[in-house]
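Quick notes on the structure that follows.
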Amino acid sequence: MRAGAMEEADHTVLLAWESEQEILKERLITCNMEAWQNSPHFTGLERIGGVDLSYPKEDATCACASLIVLSYPDLEVIYEDCQMVTLDAPYVAGYLAFREVPSLVEAVKRLQERDSSLMPQVLFVDGNGVLHHRGFGVACHLGILTGLPTIGVAKNLLQVDGLENNESHRGQAKELQNGGDFFYLKGSSGNVLGAALKSCQKSLKPIYISVGHKIRLETAITLVHSCCKYRVPEPTRQADIRSREFCVKTTNEKQKPQD
C-alpha cells in the first residue's frame, strides 16, 4: 500500500475509534451504584481485581494480559490469570483501549466461566478513566464492556485540558505530607478530572486516580488508598508483577533448545 493510502486508512481507523468511544461514553456512569461503595468501611466488598499488560522486549505485537483478584480487606491473591495474547491494534496515544481492552475483556469472561463466585466487585486499571483527551480512557472502556465498576490508577500525569506536570503541580505534590493526602486535578475547562494521591507514607510521588465506571471519585480515592502497601495499589501491582514474571517465563521456555 502506498504511503498516502496507508495514512488515509489510518485516519479512517482513528475516526472509527473516536466514534466508538463517543457511543460508549454515552453509557458511562460516574456515581456509586453498589451498596458497599456508600459504606464507610466498604462493608460488603470482598473481591478487588487488578488488570495489566506486560510486553516482552523482543516483540511488540504480543503481550501478557493479566487479571488478578484479591480478597478485601486482606489483599491476598485468590485468583490469577496470565496469558500471552496477540495484539491486533497498534499503539496510538488516546486510543490505548483498542489495543489492550479486548484481551482484558476475555480474561474477565474466562473468570466468569471458570468460577463466577470469584468475580471482582471492582477493577483497578493501570491507566486512566475520565482523565483522558476525550474523557474516555481505558478504565472507562473496560468498565462499559464488562459492566464492572472500574478505577483508573496511573503512575504519571496525563497532560490534558491544561493539566501540566509543571513547577506548580510538583509544588502541590510536595505538600502532600501523609498517606491518603490528595488534591483534585481541575482542568482548564473547570471540570475535575481526577486526583493526585499520596498513596502511602513512603511514596515520594503521587499516583493519579480517575473514575472509570460506576463509582464516584471520592469513593475511588478512599478505596485506592486502602489498597496501598506501596506506591502502587496491590491489585495493579500484583497484576504487573505476575504478568512480567509470566513474560520472562514464556520467553525463557521459547529459547530452550529442543530435544
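The values are calculated or read from the model by the stated rules, or taken from the named source; none is laboratory data. Just so it is clear, the structure is predicted and the values come from calculations on it, not from any experiment. Here the Cβ positions follow ideal geometry from the backbone for every residue, glycine too, while neighbour counts run over all protein chains shown. Heavy atoms of the whole protein, side chains included, go into the accessibility calculation; ligands, DNA and RNA do not. Shrake-Rupley method; radii C 1.70, N 1.55, O 1.52, S 1.80 Å.
Being exposed (fewer than 13 other Cβ atoms within 10 Å of the Cβ) and more than 17 Å from ASP126 (Cα to Cα) holds for only one residue in ALA60, ALA89, ALA93, and it is ALA60. All of (1) touching a residue at least 40 places away in the same chain (Cβ under 8 Å); (2) not in a helix (DSSP H, G or I) hold for ASP161 with one exception: (1).
Among strands (runs of 3 or more DSSP E) entirely within the stretch 182-243, having at least 1 residues that are under 28 Å from CYS64 (Cα atoms), among the β-branched types (Val, Ile, Thr) and without any contact (Cβ under 8 Å) to a residue 12 or more places away in the chain singles out no element at all.
So that you can scan it fast, the table gives a plain yes or no per residue for (1) within 18 Å of the chain's Cα centre (by Cα); (2) within 17 Å of LEU142 (Cα to Cα):
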| site | (1), (2) |
| --- | --- |
| SER19 | no, yes |
| ALA35 | no, no |
| GLY44 | no, no |
| TYR55 | yes, no |
| GLU58 | no, no |
| THR61 | no, no |
| THR86 | no, no |
| GLU100 | yes, yes |
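Taking the criterion of being surrounded by fewer than 12 Cβ atoms within 10 Å (Cβ to Cβ) and touching a residue at least 60 places away in the same chain (Cβ under 8 Å), no residue of the stretch 101-120 qualifies. The set of residues from the stretch 30-81 being out of contact with any helix residue (DSSP H, G or I) (no Cβ under 6 Å at 6 or more places or on another chain) and assigned to a helix (DSSP H, G or I) comprises ALA35, TRP36, ASN38.
Hey, among the residues in the stretch 126-158 that are in a helix (DSSP H, G or I) and open to solvent by less than 20 Å² (accessible area, probe 1.4 Å), which one's nearest to TYR91 (Cα to Cα)? Give the derivation first.
Step one: of the stretch 126-158, the residues in a helix (DSSP H, G or I) are 138-146.
Narrowing further to those that are open to solvent by less than 20 Å² (accessible area, probe 1.4 Å): 138-144.
Working: VAL138: 13, ALA139: 16, CYS140: 18, HIS141: 16, LEU142: 17, GLY143: 20, ILE144: 21 Å.
Among them, the one singled out is VAL138.
Taking the stretch 159-205 on its own, how many of its residues are exposed (fewer than 13 other Cβ atoms within 10 Å of the Cβ) and aliphatic (A, V, I, L, M)? Of the residues in the stretch 159-205, 1 are exposed (fewer than 13 other Cβ atoms within 10 Å of the Cβ) and aliphatic (A, V, I, L, M). A residue that is at pLDDT 95 or above, under 30 Å from GLU245 (Cβ atoms) and small (Gly, Ala, Ser) can be found somewhere in the stretch 41-50.
In the stretch 126-151, what residues are of a type in the set (Gly, Ala, Ser) and either under 9 Å from the mean Cα position of the chain (by Cα) or on the phi < 0 side of the Ramachandran plot (or both)?
Of the residues in the stretch 126-151, the ones of a type in the set (Gly, Ala, Ser) are 127, 129, 135, 137, 139, 143, 147.
Residues satisfying the conditions are GLY127, GLY129, GLY137, ALA139, GLY143.
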